[in-house]
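Contents: one structure, followed by commentary.
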Amino acid sequence: MSATVTERAGGGARGVVGTRMLRREDPALLSGEAQFVHDLSVPGALHLSVVRSPHAHARVLEVDLSAARECPGVVAAFSGRDLLGEWAAPMPCAWPVTADMQTPTHYPVALDEACYVGDAVAVVLAESAAQAQDAAASVSVSYEVLPAAVDLADAASDRVLAHDASETNRAYIWELAPDAAAVERAFAEAAVTVSERYVQQRLIPAAMEPRGVCVVPQPFGGDFTVYSSTQIPHILRTMLGITAGVPEGRLRVVAPSVGGGFGSKLNVYAEELLCLALARRMRRPVRWTEERSEAAQATIQGRGQIQQIELAADAEGHVQAVRVHLVADMGAYLQLVTPGIPILGAFLYHGVYDVPAYSFTCTGVFTNKTPTDAYRGAGRPEATYAIERAMDALARRIGVDPAEVRRRNFIAKDKFPYASSGGLLFDSGDYDAALAGALELADYEGLRAEQAQRRAQGSAKLLGIGLSSYVEMCGLAPSRVLASLNYAAGGWEAATVRMLPTGKVQVVSGSSPHGQGHETSWSMIVADKLGVSPEDVDVLHSDTAVSPFGLDTYGSRSLSVGGTAIAMAADRVVDKARLLAAHRLEVAPEDLDLEAGTFSVRGTPSRAVALGELAFAAFTAHDLPDGMEPNLEAQATYDPENFTFPFGTHVAVVEIDSDTGRVDLVRYVAVDDCGNQVNPLIVEGQVHGGIAQGVAQAMWEEAAYDEAGNILTTSFADYLVPAASELPSFTLGHTVTPSPSNPLGVKGIGEAGTIASTPAVVNAVVDALAHLGVHSMEMPVTPERVWRAVDAARRTPTGGTS
Amino acid sequence: MKVTVTVNGRAETHDVETRTLLVYFLREACGLTGTNVGCDTTSCGACTVLLNGESVKSCTVLAAQADGQEVTTIEGLAKPDGTFHPVQQAFHEHHALQCGYCTPGMVMAITSLLKEHPNPTEAEVREGLEGNLCRCTGYHNIVKAALAAAGSTELVS
Ligand code: FES
Ligand code: FES
């Protein structure tokens with residue numbers, strides 16, 4: 001695999017785009033200077049503590065705050081009813097996926113009914129965090145415990161209702177069946193069918209920085225500055241305004257350093273609303289920092305689906321149709337984009353395969369558990385998991401190698417742009433090349449030979465090799481497509497590029513990073529466009545006062561949408577500078593070349609003017625062409641025409657101790673194609689982290705609940721986020737297939753690792769055990785599960801659990 | 001109670017509650033917010049500092065227990081002129097941080113680890129970092145940076 005980038009975006013061969021530039025974000029983070037919300041020193045701030053329901057479902061009969069109000073340092077305490085007047089609207093859900101979707105009313109503090117363990121029932125404000133917590137323990141709430149809908153399949157049956165007043169737990173049924181008859185026909189005519197059921201366990205996102213909020217009323221007027229550990233300062237500002245009834249222009253939202261998000265900070269949370277409303281009510285700053293054990297209840301969770309996937313294929317394993325039925329766990333309420341998460345995967349359950357007929361149905365179901373919402377990949381990992389495991393099942397059924405069954409079904413390179421049976425236009429791809437690259441890097445033939453040898457020798461150390469070929473849709477999103485999906489906002493991104501009088505450059509972006517290295521990447525793009533050094537480019541973001549327009553960071557959108565807006569704005573600055581240069585050099589604009597930050601007259605390079613000089617001239621405005629406005633500044637807002645479609649193949653190699661069930665991930669190879677790469681160092685980092693998160697779902701992580709709806713995994717002692725000792729180093733390769741969807745030719749890489757790795761690992765585990773007759777395996781693949789599966793297969797001489 | 005700790009070479013004396021943890025002594029009394037808090041069960045290592053040169057999770061130590069002792073935090077690791085410690089430098093060069101939240105703890109843990117094992121293998125680094133969680137990097141580049149800082153010849157792909 002080539003380790004170099006073969007195509008560059010932007011400014012040509014001598015630019016910095018495509019190089020492994022070290023991150024400018026690092027020094028502040030490495031020296032401890034970076035400020036996360038919890039680090040902000042805010043004199044006079046009150047500390048919020050939230051009293052949460054210990055019951056999954058209960059009527060709140062009485063909230064007695066008298067003892068809490070007497071505690072040292074306590075300034076105020078409120079029940080849900082006390083605060084009802086603060087809200088202009090209930091908490092927002094921005095994605096009513098169907099017209100008849102059921103949306104339970106959701107207030108930051110519950111009024112009469114608590115619907116999950118962790119649902120807020122009262123709040124306390126005190127002078128210190130410790131005092132607030134101590135006092136919260138003296139709030140006494142009387143409950144009438146109600147039956148709880150905990151298990152997803154059971155909840156779907158409506159045996160127990162998650163909301164007392166509703167008639168069904170069903171939130172919605174969403175269907176995608178462009179040609180249902182074709183699907184039926186394909187199944188009727190199929191030589192081989194595969195029908196599989198998978199469970200996507202709930203996951204806790206576990207960004208290392210817990211959430212934090214601090215709202216500061218400004219002294220000179222009714223304005224509020226909201227500091228939040230959020231991925232979405234812009235969306236948050238709008239939603240806070242609507243929900244708390246504050247004119248949006250009077251809110252400034254700042255996301256300072258944010259310690260990871262992975263979708264969990266792509267939301268509008270009760271605590272954000274509470275800090276704002278209480279700062280308004282008390283006329284003092286109010287802050288809250290989440291405890292880790294609180295996060296297990298109070299922060300959204302990911303996944304939570306039961307998947308039924310069926311394939312119809314001919315005798316050679318060419319898939320003719322894919323049919324999917326999902327049951328998706330909404331949790332107790334619809335948070336910002338809860339109902340839309342499964343829909344983000346709806347178009348991708350046929351994966352990288354050329355499947356003529358396709359249908360998908362999803363039923364969203366309420367349970368008495370923490371709401372679900374976006375978690376790294378959001379819908380797409382679930383889709384990839386289902387199709388990639390089903391393809392392995394198909395390979396076993398027809399007795400061909402998993403690599404071969406994939407090759408037989410790939411969308412061929414020459415079919416792009418490819419109109420999928422799900423209704424998307426896949427922009428570009430070369431799936432064979434990524435698979436071939438991954439097999440070569442992994443020494444697939446060698447691994448298969450070793451596996452055969454170990455089996456022949458009856459070794460207790462079983463070797464399993466798992467493949468996963470994926471495609472995802474990134475670059476969220478074309479606004480018109482979002483409209484067709486009933487999403488309440490658009491998918492554009494805004495940027496400003498301005499040259500300051502000294503020749504330095506400021507870039508303002510509406511994307512909002514939390515570890516992705518945007519400042520470095522944006523400075524590289526603009527440096528190449530303007531021909532200046534990246535050190536001369538400052539990047540501003542994550543503050544709605546500095547960057548009034550933006551749609552923030554999620555869905556691997558920042559580069560393909562936000563980066564494109566930046567490139568467009570930079571082009572506009574160059575266009576204007578060119579007119580000014582032409583005026584000063586008295587030539588036609590087309591006769592000028594821009595090279596290394598200087599416009600020179602073609603053929604007479606000594607006649608030249610540097611961009612810095614032009615910036616100063618545009619600032620003084622003493623001698624501008626007629627009609628030209630002063631200053632070199634341009635804005636651009638980019639609304640993508642299409643999604644981008646990154647792809648690749650990953651190979652996981654596991655070793656299983658058949659006596660103990662212990663699974664070790666011994667090797668991991670990833671070949672990804674995210675189109676052109678702006679900074680391969682950052683790309684690789686994204687892939688590494690994504691792989692670890694996806695592997696974690698396969699092997700260790702599960703937000704576990706007991707039958708009463710109590711979450712059992714509230715600490716890192718129970719919720720097993722992997723440590724370095726549990727993972728190997730990864731082997732990466734890549735191919736470069738530029739995206740035609742945007743001028744940078746980029747696709748996105750933030751979620752690829754997570755999307756690909758979960759099925760690769762579980763396929764490897766099943767592959768290791770298949771010869772024993774084990775064909776199904778639930779996640780996480782704990783030693784106990786593996787041991788039981790092996791044991792069961794051994795007791796059934798004919799084998800087979802599928 | 002009054003507690004005096006030499007933090008990054010400077011005597012810091014503050015009146016604190018007996019239950020005050022060292023991490024809050026550092027963050028709130030000394031104003032050194034580089035040391036982060038990532039959990040409440042001593043599982044994540046975000047709060048790792050050096051106590052008399054050895055790494056400890058500062059959320060498991062009472063400020064009172066550190067009375068009269070020496071603590072080094074991330075703020076005190078670089079030279080006074082700002083030149084990074086080799087571990088900080090290696091983190092930068094090998095892209096061993098993304099959001100940076102686990103980073104101060106990781107850097108302190110590795111600094112201590114390398115003092116004990118100046119030439120660790122990859123496996124020793126991975127075992128040695130068992131108590132420090134990172135959600136962003138998948139550890140690949142953290143391990144690489146640790147080995148690079150050790151001047152180790154064992155390469156990670
Ligand atoms: S904060 Fe100390 S170990 Fe997590
Ligand atoms: S860099 Fe984000 S948690 Fe480690």
Exercise. Just tell me which lysines come within less than 21 Å, Cα to Cα, of residue B:79; anything on the same chain fewer than 8 places away is out.
Key: B:115
Practice problem: Only counting protein heavy atoms at a 1.4 Å probe, give the residues of segment B:57-103, ordered by number, whose accessible area falls by 50 Å² or more when the other protein chains are present relative to the chain alone. | Solution: B:84, B:92, B:95, B:97, B:98, B:99, B:101
Quiz item: Farthest toward the dipole's positive end in the protein assembly as shown, which of A:351, A:555, A:612, given Cβ charges of +1 (Lys, Arg) and -1 (Asp, Glu) about the Cα centre?
Solution: A:612
Self-check item: Mean Cα-pair separation over length for chain A, i.e. relative contact order, pairs under 8 Å, 6 or more apart, %
Solution: 16
Practice problem: Return the Cα extents of the protein assembly as shown along principal axes one, two and three, sorted largest first, each rounded to a whole Å. | Solution: 85, 83, 62
Quiz prompt | In nm, spacing of pseudo-spin labels at residue A:479 and residue A:455 (7 Å Cα→C-beta vector) | solution = 5.6
Self-check item: Those residues of segment A:708-741 for which accessible area with every protein chain present is at least 50 Å² below the isolated value (1.4 Å probe)
Solution: A:716, A:724, A:725, A:729
Exercise. With the full set of protein chains in place, find how many percent of the accessible area of the protein assembly as shown is carbon and sulfur; take the probe as 1.4 Å.
Key: 50
Quiz item: Which order do A:726, A:445 take by accessible area at a 1.4 Å probe, largest first?
Solution: A:445, A:726
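Please compute, for peptide A:103-113, the average count of beta-carbon atoms on other protein chains lying within 10 Å of each residue's beta-carbon. Intermediate results must be reported in sequence, preceding the final value.
Working: counts 0, 0, 0, 0, 0, 0, 0, 0, 0, 0, 0.
Shielding by partners across A:103-113 averages 0.
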Practice problem: Once every Cα of segment A:350-456 carries one equal point scatterer and solvent is ignored, give the base-10 log of I(q)/I(0) from the Debye formula at q = 0.14, 0.17 Å⁻¹, two decimals. | Solution: -0.76, -1.00
Exercise. Excluding residues fewer than 8 places away in the same chain, name every one of the aspartates and glutamates whose C-alpha is closer than 13 Å to that of residue A:413.
Key: A:354, A:427, A:430, A:432
Exercise. Arrange the residues A:360, A:347 by how much accessible surface each exposes, largest first, with a 1.4 angstrom probe.
Key: A:347, A:360
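Please state the charge dipole magnitude for segment A:442-495, taken about the Cα centre, from unit charges on C-beta atoms (+1 on K and R, -1 on D and E), reported in debye and rounded to the nearest 20. If you can, show how the numbers build up before the last one.
Values: 5 positive and 5 negative charges, 57 e Å.
The dipole of segment A:442-495 has a size of about 280 debye.
Would you tell me the mean number of C-beta atoms belonging to other protein chains that fall within 10 Å of each C-beta in B:37-50, as a whole number? List each step's numbers first, then the result.
Numbers: counts 7, 8, 11, 9, 7, 3, 8, 7, 3, 4, 0, 0, 0, 0.
Mean partner-chain Cβ count within 10 Å for B:37-50: 5.
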Quiz item: Projected onto the charge dipole of segment A:652-772 (+1 at Lys/Arg Cβ, -1 at Asp/Glu Cβ, origin at the Cα centre), which of A:743, A:656, A:690 gives the Cα projection farthest towards the positive end?
Solution: A:743
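Under a point-charge model restricted to the Cβ atoms of Lys and Arg (+1) and Asp and Glu (-1), what is the dipole moment magnitude of chain A relative to its Cα centre, in debye to the nearest 20?
On the way: 60 positive and 95 negative charges, 47 e Å.
My answer is approximately 220 debye.
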Practice problem: Have a look at segment A:274-320 and report residues whose accessible surface goes down by 10 Å² or more when the remaining protein chains are included, against the chain on its own, probe 1.4 Å, ligands and DNA/RNA excluded. | Solution: A:291, A:292, A:293
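Given a 1.4 angstrom probe, what's the average accessible area per residue across segment B:86-150, in square angstrom? Please report the intermediate quantities before stating the final value.
Numbers: 1730 Å² over 65 residues.
On a per-residue basis, segment B:86-150 sits at 27 Å².
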Quiz item: How about segment B:1-101: which GluC sites (Glu not before Pro) there are in a DSSP loop, with at most 15 other Cβ atoms within 10 Å of their Cβ?
Solution: B:17
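For residue A:81 and residue A:712, calculate 0.36 nm times their separation in residues minus their Cα-Cα distance, and state this gained length in nm to one decimal.
Working: separation 631, 0.36 × 631 = 227.16 nm, distance 2.97 nm.
Gain on stretching residue A:81 to residue A:712: 224.2 nm.
Per residue, how much accessible area does chain A show when a 1.4 Å probe rolls over the protein heavy atoms, in square angstrom? Walk me through the numbers before you get to the answer.
On the way: 26950 Å² over 802 residues.
For chain A, the per-residue accessible area is 34 Å².
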Quiz item: Which whole-angstrom value gives the distance between the alpha carbon centres of segment B:93-149 and segment A:208-254?
Solution: 36
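Rg to Rh for segment B:2-76: what is it, with Cα atoms only and Rh by Kirkwood?
With Rh from the inverse mean 1/r over Cα pairs, Rg/Rh is 0.91.
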Self-check item: Contact order normalised by residue count of segment B:2-76, Cα under 8 Å, 6+ apart, percent
Solution: 40
Self-check item: Å² per residue, accessible surface of segment B:2-76 at 1.4 Å
Solution: 41
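Normalised by the residues of segment B:86-150, what does the relative contact order come to in percent, with Cα pairs under 8 Å and at least six apart? Can you show the working numbers first?
Numbers: 67 pairs, mean separation 36.1, N = 65.
Relative contact order here is 55 percent.
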Self-check item: Summed buried accessible area for B+A [probe radius 1.4 Å, Å², rounded to 100]
Solution: 4000
Quiz item: Considering only Cα-Cα distances, which of the following residue pairs are longer than 31 Å: A:576/A:747; A:265/A:747; B:57/B:144; A:529/B:144; A:415/B:144?
Solution: A:529/B:144; A:415/B:144
Practice problem: Report the accessible area of residue B:136, computed with a 1.4 Å probe over the heavy atoms of all protein chains in place, in Å² rounded to the nearest 10. | Solution: 10
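The values are calculated or read from the model by the stated rules, or taken from the named source; none is laboratory data. Computed from a predicted structure; not experimentally measured. Methodologically, a virtual Cβ is constructed for each residue, glycine included, from the backbone with ideal geometry; neighbour enumeration extends over all protein chains shown. Heads up: the accessible areas ignore ligands, DNA and RNA and are worked out on the full protein's heavy atoms, side chains in. Shrake-Rupley method; radii C 1.70, N 1.55, O 1.52, S 1.80 Å.
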